[in-house]
Amino acid sequence: MWFLTLSVLATAILALPTNHTDPSFDAVVEKGSFANPSKNVRPKFRYWIPDASVNTTVVAQDVKSAKHVGAGGLELLGYYLYGGPPGNGAGRGKYAPVDWAKYGFGGEAWYRVFRAFVQAHKDEDLIMDFAMGPNQGTGVPAPIDTEGLAWDLSAFNTTMPVGGAFDGVLPGWGSGELQAAVSATVLNSTVYSATDLAGGLPGDLKGARTQYTLSAESLTDVTDQVDGSGHLSLDFAGTNVTGQNNIVFAIYLQQSHYRAQQGPLQMGGPQTAPESYISNGSWAVDHFSALGASIMTKFWEEHILNNGTRELLQEVGNYGWEDSVEIDANVYWTKNLSQVFQAQHKYSINKWLPIVFHRNGHAKNSMPSNWYVTDEPSQGNIYIADYRSTLATQYQIYEETINKWVEEYLNLQFSAQLSYNLPMDMLANIPSVDAPETESLDFSDLIDGYRQYSGPANLARRRIISSECGAVRGEAYAQTLPELLWKVKRSYAASVNQFVFHGFPYSGQYGNTTWPSWSSFNYQYSEQHGPHQPAWEFYREQFDFIARNNWVFQTGIPRMDIAIWQKITIYPGHVQLRTYAPTDLEEAGYSYEYLSPDNFDLPAAKVANGVLAPDAQAFKAMVVRGNDSLTLDGVTKLSEFAKAGLPIIFAGGVPSQVLGTLAPTVLRQVQRDLSALTQLPNVHTTSSYLVADTIASLGIKPLTKILADRLWNTYWRSDVSTDTDYVFVYNDAMYSESGTGASEGTVEFQSAKIPYEYNAWTGETRPIITYNVTNTSTIVPLRLAGNQSTIIAFVPSGKNDSQSICLRDISCGVLDAAVENGNTVLKVGSAANYTTSSGVTKTVPAPPITSFTLTNWTLVVEHWAPPADLYDYASGAVKHNTTHQLPSLVPWSSIEGLQNVSGRGYYSTTFTWPPSSYQAGTNSSNLSAFIDFGTVYHTLQASLNGHRLPPLDVTHPVVDLKPYLIPGVNLLEAVVATPLGNVLRPIWNQLMSSGEGPGSADAGPSNGFVAPPVGRYGLVAEVRVVPYVSVVVS
């Protein structure tokens, strides 16, 4: 059929990059062309398989299917019920229909699946990523007592009256190796609700608790007084401190035994006893040591990358990968952390351990009901900051060890979601791997949040900043492709330039599972992409759009205006609020990213000619907010930057908080250094946190100065090799209904080269006709629909011979301006005027026909219905057609019999050209029309008189009909495809995946398993034909 015609990648291209282990901007990568990007820049899917029992033939078919829709490859992840119970959460499944002793990660069955997956990518000329372990990639099979597995601390205490005594065995004795015994006096306690101020360090979460204040002076490490049987004798008589009571803490080191994949005997279903540790599931490795990394890499070497698999993987591999760390722990720890801490901070952490037991772990007892703080001004947070600093250095060692192994052993690269969900400065560790990855879910699609991630990555000159994109709770089988593109565009606006979409589940038959397919997260999260979706065969245009944007934004070097200092010692995930709260920077057109002072040791972090990082973002100024935190080394670097001429703005005053334990003399010196810093002529202090006006007053111009009636975002890349600049311009309509939110304005680009538009929907490039120039800039007027984006390229004069006449201005009656046969042609839809480059204004009359709405549609709906036996889904949906006559267009939910229907809709209607209102005998040679489909719910492809129309921008589905119109009757056909949400709603509680469903007893709406919202399927807006006349500009 005409609407399923797809382009294909023409030639085999080597895996990326030419030097496989070069992650920098300088890497040489075969990217294809803008019109036809190669696999190396195309987006991927995360490919979930339930376990290693899957049919390898189906796996190969799924790989081929992903290529068909325009993906560059897949990322393999063994799902294993998200690790298995109980750590996988309520409603995620307790039952496996196959024996995990046989089909678990790392065994012979897994090896066969992995090799087949690699081979399929070679056969299809794609590239692939692979998770380093099951579930989130956090571990591998290992003997349970292996030292390189994850560690944890547990704490116990006992109290006695002030002045009393303790004589006995420590509480909790036998729980693990004694890490510390600490005595103290409790001065008082206060009850806080969950809404009370968090206290603590920047970024710390609030929590309901009883908070006990300990006398810092009384805290004593008594570990050396504990005998081999755990006995301790202490007498508090004679202490001068009065208070509530005395207390003895006992803190133990123990292996956490956190499962990356549950063992077979802990699962329901046909399980057998494991014959060895390899068939007994996987354990999370220690993420704070090189030893933990080596446990993982050694397993791969010995059990997976053998018999030629390593060499095969090297042909098609792209990234080894690990998800964000969500290992349950009371307190994140590693076995030698105390010794490392002592070496770094010159004091022992032991006596301060009681105050570390809140907000420094994940799940378990990391947010206990009782918190302990000290009576110091910082409440002991200076010691917690030091602990987090040390933990971050150990995490960096882990990541760098795996990264080095992937590079050296496999000649590939490593990607990971770094530091968020952990008690550490996320920005500090982002440069640790080749391809840092963020995600749309935990960053809440927040552009400001992504900028916190991209700043350090770009300063480290990382070519790729990836995103796990598309997960939304409650949108399984309901997510639309325009929504997914909205997430992508917000990511581009913050320098993210590659995507792994969440996700593509194995499409084959699987036990205890119903139609439409085996589904990850038990129908809780979007999306379940794949051939079971009615729209799957229509993904190609959207994926080509993303691939072309990737082609551009993986080119050259990102450029930014402003660096914003950010030092946070914890990043708990699910970022929902901006760090720089005002929007004055974006409104003025200033681009910005965040940097941590921990990033200032990167090679690119230098100042030349008053510019920070000239070989990377080329920041023109740095903003330090008065409510942020400082570090000793950071202040030293800040002074260096300022003395080298970098403009610095202290917004809202100079910060007063310096993290960590500092001697009073050192702290006073820091304060003197800051005072001296503010006296420099290029350092400015403001009373307001808004900084755009101050930056402008310094003569610093934004790369893109925006004057528009809505907030636009831009992103700039410079390709030095071709002297070309690329700028992404995006009108974000986050809170507007689909089809609304249009905006117009001008952008002044700091480039005097020749402007071109790169159309990522069609792959076409064409000169921009209307603009004004200054000696250093180009001012371009733009009209953008809600959520529409465009790419403006600036190329050197003489590079392209198609440059045409330049106009200063055109009015809104001009629908398009283009170069046709060497002439500048205006397509005028209503009375309009234009101004030439010489300043002459001319008027053009309206066309002799007004726009008209198409009516009297025939709709044939191909229903995708569930099979009679929901568990017999190998043949897919049951399909049948119904025909509907529609005087005007309405959503399927308003058409009798289509309320709970999903599938494909085939629309057709006719119209006469020219219409009867056209005056006979008038010259029609310059008369034609656009067609405007109004809005696109999910997918839309159309043809006129049997000719396929070009790909439609889903935010502005308008296309020129001139090549396809014929005199007389014209036949318009359109096909839409829908998600499966509407058809699943009536059977929602009957659905099953691995024996668990959204209606199961431990699932349901209270645990986030909600039915899909009602979708407004079909063509839902008026379709209008908009006539125009062509005017050649002389």
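The values are calculated or read from the model by the stated rules, or taken from the named source; none is laboratory data. Being a predicted model, the structure only gives us computed values, none of them experimental. Glycine also receives a Cβ, built like all others from the backbone with ideal geometry; neighbour counts cover every protein chain displayed.
Odds and ends about this structure:
- Residue under evaluation Val1010, criteria (1) modelled with pLDDT of 95 or more; (2) not assigned by TED's automatic domain parsing to the domain that holds Tyr918, criterion not met: (1)
- For the stretch 420-431, a residue qualifies if it is touching a helix residue (DSSP H, G or I) at 6+ places or on another chain (Cβ under 9 Å) and modelled with pLDDT under 95, and exactly one does: Tyr420.
- Positions within the stretch 481-492 being surrounded by fewer than 23 Cβ atoms within 10 Å (Cβ to Cβ) and over 19 Å from Tyr715 (Cβ atoms), in sequence order: Pro482, Glu483
- Of the strands (runs of 3 or more DSSP E) lying entirely inside the stretch 923-999, those containing at least 2 residues that are in contact with a Ser or Thr (Cβ under 9 Å, 6 or more places away or on another chain) and not assigned by TED's automatic domain parsing to the domain that holds Tyr758 span 927-932, 968-977.
- Residue list for the stretch 346-363, filter: surrounded by fewer than 18 Cβ atoms within 10 Å (Cβ to Cβ) and either among the basic types (Lys, Arg) or at pLDDT 95 or above (or both): Lys346, Tyr347, Ser348
- Of all the listed residues (Pro1005, Pro998, Pro915), the sole one being farther than 28 Å from Leu854 by Cα and either surrounded by 23 or more Cβ atoms within 10 Å (Cβ to Cβ) or more than 38 Å from the chain's Cα centre (by Cα) (or both) is Pro998.
- Of everything listed in (1) at positive phi; (2) in contact (Cβ under 8 Å) with a residue 60 or more places away in the chain, the single unmet condition for Tyr726 is (1).
- Filter result for Ile447 (touching a Phe, Trp or Tyr at 6+ places or on another chain (Cβ under 9 Å) and either of a type in the set (Val, Ile, Thr) or modelled with pLDDT under 95 (or both)): no
- Yes/no for Ala696 being without any contact (Cβ under 8 Å) to a residue 40 or more places away in the chain, of a type in the set (A, V, I, L, M) and farther than 26 Å from Gly203 by Cα: no
- Matching residues, the stretch 49-90, being small (Gly, Ala, Ser) and either over 22 Å from Glu468 (Cβ atoms) or touching a strand residue (DSSP E or B) at 6+ places or on another chain (Cβ under 7 Å) (or both): Ala52, Ser53, Ala60, Ala66, Ala71, Gly72, Gly73, Gly78, Gly83, Gly84, Gly87, Ala90
- Test: residue in the stretch 318-337 that is in the same structural domain as Gln136 (by TED's automatic domain parsing), part of a helix (DSSP H, G or I) and either in contact (Cβ under 8 Å) with a residue 40 or more places away in the chain or not hydrophobic (A, V, I, L, M, F, W, C) (or both): no
- Screening Ala613, Ala608, Ala588 for residues that are among the hydrophobic types (A, V, I, L, M, F, W, C) and buried (at least 21 other Cβ atoms within 10 Å of the Cβ) leaves exactly one candidate, Ala613.
- Criterion violated by Ile791 - all others in (1) at pLDDT below 90; (2) surrounded by 14 or more Cβ atoms within 10 Å (Cβ to Cβ); (3) assigned by TED's automatic domain parsing to the domain that holds Ser721 satisfied: (1)
- Residue in the stretch 310-317 that is under 25 Å from Glu400 (Cβ atoms), not β-branched (Val, Ile, Thr) and not in a helix (DSSP H, G or I) present: yes
- Matching entry among Thr778, Thr765 (being surrounded by fewer than 18 Cβ atoms within 10 Å (Cβ to Cβ) and touching a residue at least 12 places away in the same chain (Cβ under 8 Å)): Thr765
- One residue stands out among those in the stretch 869-902 that are hydrophobic (A, V, I, L, M, F, W, C) and in a strand (DSSP E or B): the one that is surrounded by the most Cβ atoms within 10 Å (Cβ to Cβ), which is Leu886.
- Looking at Tyr387, Tyr450, Tyr372, just one residue is of a type outside the set (Gly, Ala, Ser), surrounded by 24 or more Cβ atoms within 10 Å (Cβ to Cβ), more than 30 Å from Glu302 (Cβ to Cβ) and under 12 Å from the mean Cα position of the chain (by Cα), and that residue is Tyr450.
- Those strands (runs of 3 or more DSSP E) of the stretch 754-868 in which at least 3 residues are more than 26 Å from Trp913 (Cβ to Cβ) and touching a Leu at 6+ places or on another chain (Cβ under 7 Å), considering only elements entirely within it, cover 832-836.
- Failed item in (1) more than 29 Å from Gly660 (Cα to Cα); (2) surrounded by fewer than 20 Cβ atoms within 10 Å (Cβ to Cβ), with Val406 passing the rest: (2)
- Complete set of residues in the stretch 1006-1028 that are of a type in the set (D, E, K, R) and over 30 Å from Val828 (Cβ atoms): Arg1016
- Taking each residue of the stretch 805-833 that is touching a residue at least 60 places away in the same chain (Cβ under 8 Å) and looking for partners that are surrounded by 15 or more Cβ atoms within 10 Å (Cβ to Cβ) and acidic (Asp, Glu) with beta-carbon atoms closer than 6 Å, six or more apart or interchain, yields Lys827/Asp816.
- Of the residues in the stretch 272-293, at least one is hydroxyl-bearing (Ser, Thr, Tyr), crowded, with 20+ Cβ neighbours inside 10 Å and either over 21 Å from Glu326 (Cα atoms) or modelled with pLDDT under 95 (or both).
- Inside the stretch 586-631, residues that are under 18 Å from Gly653 (Cα atoms) and part of a loop (DSSP other than H, G, I, E, B) make up a count of 4.
- Set Phe504, Phe600: member being within 19 Å of the chain's Cα centre (by Cα) and either buried (at least 24 other Cβ atoms within 10 Å of the Cβ) or free of Cβ contacts under 8 Å to residues at least 60 places away in the same chain (or both): Phe504
- Count of the stretch 199-232 residues which are touching a residue at least 24 places away in the same chain (Cβ under 8 Å) and either part of a loop (DSSP other than H, G, I, E, B) or polar (S, T, N, Q) (or both): 22
- Any chance Ile562 is touching a Ser or Thr at 6+ places or on another chain (Cβ under 8 Å) and hydrophobic (A, V, I, L, M, F, W, C): yes
- Taking the criterion of being surrounded by 13 or more Cβ atoms within 10 Å (Cβ to Cβ), more than 39 Å from the chain's Cα centre (by Cα) and not in a helix (DSSP H, G or I), the only residue of the stretch 656-691 that qualifies is Leu680.
- Apart from one condition, Tyr758 fits all of (1) surrounded by fewer than 18 Cβ atoms within 10 Å (Cβ to Cβ); (2) touching a helix residue (DSSP H, G or I) at 6+ places or on another chain (Cβ under 9 Å); (3) of a type in the set (Phe, Trp, Tyr); the exception is (1).
- Matching residues, the stretch 502-542, being part of a strand (DSSP E or B) and either farther than 20 Å from Pro134 by Cα or among the aromatic types (Phe, Trp, Tyr) (or both): Phe504, Tyr525
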